[in-house]
Amino acid sequence: MNLASIPRQELPELLCRMPKAELHIHIEGSLEPELIFSLAERNRVQLPYPTIEALRAAYAFTDLQSFLDIYYAGASVLQTEEDFFEMAWAYLLRAKADNVVHSEIFFDPQTHTARGVPFATVINGLDRAIQQAGKELGLSASLILCFLRHLTEDDAFTVLEEALPFRDKFIGVGLDSGEKGNPPEKFSRVFARCRELGLRLVAHAGEEGTADYIWHALDLLQAERIDHGVHCLDDPQLVTRLVQQQIPLTVCPLSNVKLCVFPTLASHNIARLLACGIRATINSDDPAYFGGYLNQNYLATFAALPELGAAEAYQLARNSFEASFVDAETKAGWISLLDAFFQQQCA
Ligand code: HPA
Ligand code: ZN
């Protein structure tokens, strides 16, 4: 395959049309302001913003915490199973439009159970949308339960207990929310328990936190993938390990700029991560808040970084499949689909 033969002006269409997986999307972060307002009205929830425009205008973040405050406020409109279904279905339609063939979706049950919404309401609504996407859109998706790291490990054990009757509806656990001051080791026992239960393990690390958080997520939590992880380049020994073990990073470029992890997309390190041989992927994180869904992340990143061309597009899509938690046969099927797509582009 001669990827160099693909002209640069064909990149945008290629990025949009290529089959891909999304591995880092918080479903509550796909809640668009319009849906927040319609659910608030339906559920009689009072919002601290008078209009959709006023809410959108508040999406000017200075760091992770300034975003999380608004993100948790937005999620407070979700109350019924139908609400969770509608939110997930809207995301899955957008993923389908972006030629996503598989998505591994985070959800934050503690945000909802703390408001008195039963765990069953949350997961049954999300699961129904996923089942429907499989049947009607030919899109496969699975759920990853995230523990909120600003809460305690006991709180994490509590939600894990609530989740276990629904063990067949989620494939793994993750760790999200405010990173600084909430290191991975705070959750080492609950992750060990999840591992015994056969759950897949991921963790946000090295978004705002240092490279040490990535080491600890790997060594103390046994995380199989690192969410964000962009601070790994501060530590050459860590880079060596990530490359040797092919530990995937689920990078979210638009998120990183919105939360001031990088000042601009042009200064983002995704091209360097790939050049080092790290299994990096591109993802949308919280697309309703950060300016775009998956294809928008690809388009804006490639437009800002001239080092990224067709070879990197192929590598990123391939990495997204390699890094997914599906069986080897399914993975191979998607990679064949990707190869066929690029072969056609080269012809
Ligand atoms: N980082 C940490 N927690 C989160 C994020 C994120 O980018 N998005 C939603 N919860
Ligand atoms: Zn995230």
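Of Ser140, Ser103, all but one fail to be crowded, with 21+ Cβ neighbours inside 10 Å, polar (S, T, N, Q), in contact with a Ser or Thr (Cβ under 9 Å, 6 or more places away or on another chain) and within 26 Å of Asn297 (Cα to Cα); the exception is Ser103. If the condition is being charged (D, E, K, R), under 19 Å from the mean Cα position of the chain (by Cα) and either part of a loop (DSSP other than H, G, I, E, B) or more than 16 Å from ligand 1 (Cβ to nearest atom) (or both), then the range 194-230 contributes Arg200, Glu207, Glu208, Glu224. Of all residues in the range 143-185, those being open to solvent by less than 60 Å² (accessible area, probe 1.4 Å), within 28 Å of His102 (Cα to Cα) and outside any strand (DSSP E or B) number 14. None of Gln9, Gln79, Gln65 is under 19 Å from Pro109 (Cα atoms) and either in contact with a Pro (Cβ under 7 Å, 6 or more places away or on another chain) or part of a helix (DSSP H, G or I) (or both) except Gln65.
Selection over the range 281-295 of residues that are touching a Leu at 6+ places or on another chain (Cβ under 7 Å) and within 16 Å of ligand 1 (Cβ to nearest atom) gives a count of 8. Quick check: is even one residue across the range 17-36 more than 19 Å from the chain's Cα centre (by Cα), assigned to a loop (DSSP other than H, G, I, E, B), within 30 Å of Ala205 (Cα to Cα) and more than 16 Å from ligand 2 (Cβ to nearest atom)? No: the range 17-36 contains no residue that is more than 19 Å from the chain's Cα centre (by Cα), assigned to a loop (DSSP other than H, G, I, E, B), within 30 Å of Ala205 (Cα to Cα) and more than 16 Å from ligand 2 (Cβ to nearest atom). Residue-level check: of (1) buried (at least 18 other Cβ atoms within 10 Å of the Cβ); (2) assigned to a loop (DSSP other than H, G, I, E, B), Phe191 misses just (2). Count of the range 52-79 residues, restricted to those that are open to solvent by 60 Å² or more (accessible area, probe 1.4 Å) and closer than 27 Å to Gly125 by Cα, is 3. Only helices (runs of 4 or more DSSP H) whose full extent lies in the range 239-310 are considered here, and the ones with at least 3 residues that are within 14 Å of ligand 2 (Cβ to nearest atom), over 22 Å from Asp212 (Cβ atoms) and in contact with a helix residue (DSSP H, G or I) (Cβ under 7 Å, 6 or more places away or on another chain) are 253-258, 287-290.
The values are calculated or read from the model by the stated rules, or taken from the named source; none is laboratory data. Nothing here was measured: the structure is a model prediction, and the numbers come from that model. For neighbour counting, all protein chains shown are included, and Cβ atoms are generated from backbone atoms with ideal geometry for every residue, glycine included. We work out accessible area using only protein heavy atoms, side chains counted, and drop any ligands, DNA or RNA first. Shrake-Rupley method; radii C 1.70, N 1.55, O 1.52, S 1.80 Å.
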